[in-house]
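None of the figures in this text is laboratory data; all of them are computed from the coordinates on show. Everything quoted here is computed from the prediction, not taken from an experiment. No Cβ is skipped: glycine too gets one built from the backbone with ideal geometry, and neighbour counts run over all protein chains shown.
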Amino acid sequence: MLPVAKLVSLTARAGVVVALDACANAIDASTCSPWHAAQAASVILVFDEANRRAVMARHPALRRRIVMLGDLDGSGAIADPVDGDMAVFARCYARIDAAVAALAGLLRPPVRT
């Protein structure tokens, strides 16, 4: 699994600001409001269509920045594992891990030969 700190480092080197937040209201208000994070983000990652609609309702002008994380590896929406057993959570996190790895691959600078 790619640690969040490594992903942030990759995105910073690529000149991309990513709001890494599964819940639009969970950003630490002492450092940044959800509105400021959304405005600053080059891309806003969501897990499913419900997340996409919620972000678009709050930030309609940013609709082109919203990307479904699972689309990056071709797997589509990532279902919320709430109320699932450990196997459901494990599958969900494996999907997230694969999609984040695909994102990291897109953000790596090209290798010069």
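Of note:
- Estimated FRET transfer efficiency when R0 is 30 angstrom, pair residue 112-residue 67 (beta carbons, to 0.05): 0.65
- Under-5 Å amide H pairs with residue 44, H placed in peptide plane, nonlocal only: 66, 67
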